[in-house]
Amino acid sequence: MNKTNSIEKIRTELINSCVNYDTKSFIPFLMSKNVLTGMPNKTRFYSFFKHMVSCTKQCSEGQLTFKIEHEKRINNQRNYYLNFYDKIHKYSRLSIEVRETKENIYLDTLPF
């Protein structure tokens, strides 16, 4: 279960799990060797991620869409925020900090 997935595939599955409110589908990708998190371990990350997606589902109207915002490239690292919006709110309903290199992807959920 600790295999390596491509960074693009991990990002795509993360987006799909958020817009479909299906965090379980992201577990195999989260367990990849090349996924790092801002939490002490991946279990804690998943628990908080699941809670955040659940709260997003409860307070959102309509289908979520996503935008990659505040993108910066520093050396060989791409930093950005993956922000998810619903149809009526001005501000993002869910925001995930992402740092990508060729080998790894770092994920951290931002609190409300």
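The values are calculated or read from the model by the stated rules, or taken from the named source; none is laboratory data. Quantities reported herein were computed from a predicted structural model and do not represent experimental measurements. Virtual Cβ from ideal backbone geometry, glycine too; neighbours counted across all protein chains shown. The area values use the complete protein model at the heavy-atom level, side chains included, leaving out ligands, DNA and RNA. Shrake-Rupley method; radii C 1.70, N 1.55, O 1.52, S 1.80 Å.
Structure notes:
- For the pair Asn41 and Asn75, the difference between a 0.36 nm per residue extended length and the Cα-Cα distance amounts to 9.6 nm.
- Residues Glu103 and Asp22, FRET efficiency given R0 of 22 Å [Cβ-Cβ distance, rounded to 0.05]: 0.25
- Long-range Cα-Cα pairs in region 1-46 (distance over 16 Å), rounded percent: 34 percent
- Each residue of region 78-93 was assigned a 3J(HN,Hα) from its phi angle through the Karplus expression (A = 6.51, B = -1.76, C = 1.60, θ = phi - 60°), giving 9, 10, 6, 10, 9, 10, 10, 10, 9, 6, 10, 8, 6, 9, 5, 8 Hz with x at Gly and Pro.
- Rounded percent of accessible protein surface that carbon and sulfur make up, the chain, 1.4 Å probe: 50 percent
- Computed [θ] at 222 nm, helices only, for the chain once each DSSP H run of length n ≥ 4 contributes -39500 (n - 2.57): -9500 deg cm²/dmol
- Global form of region 28-75, assessed from the alpha-carbon gyration tensor, a/c cut-off 1.5: oblate
- Largest to smallest in accessible area, the residues Arg44, Arg11, Arg99 fall in the order Arg44, Arg99, Arg11 (1.4 Å probe, all protein chains included).
- Top positive-direction residue, dipole computed over the chain with Cβ charges, set Thr12, Ile88, Asn75: Asn75
- Max mean-square fluctuation residue, GNM over the chain, Cα-Cα springs under 10 Å, options Ile15, Ile96, Ile74: Ile74
- When the GluC sites (Glu not before Pro) in region 1-68 are filtered for DSSP coil states and for at most 14 other beta-carbon atoms within 10 Å of their beta-carbon, the remaining sites are Glu61.
- Restricting the chymotrypsin sites (Phe, Trp or Tyr not before Pro) of region 1-95 to loop positions (DSSP other than H, G, I, E, B) with no more than 11 neighbouring Cβ atoms within 10 Å leaves Tyr91.
- Calculated accessible area for the chain comes out at 61 Å² per residue, all protein chains present (probe 1.4 Å; ligands, DNA, RNA ignored).
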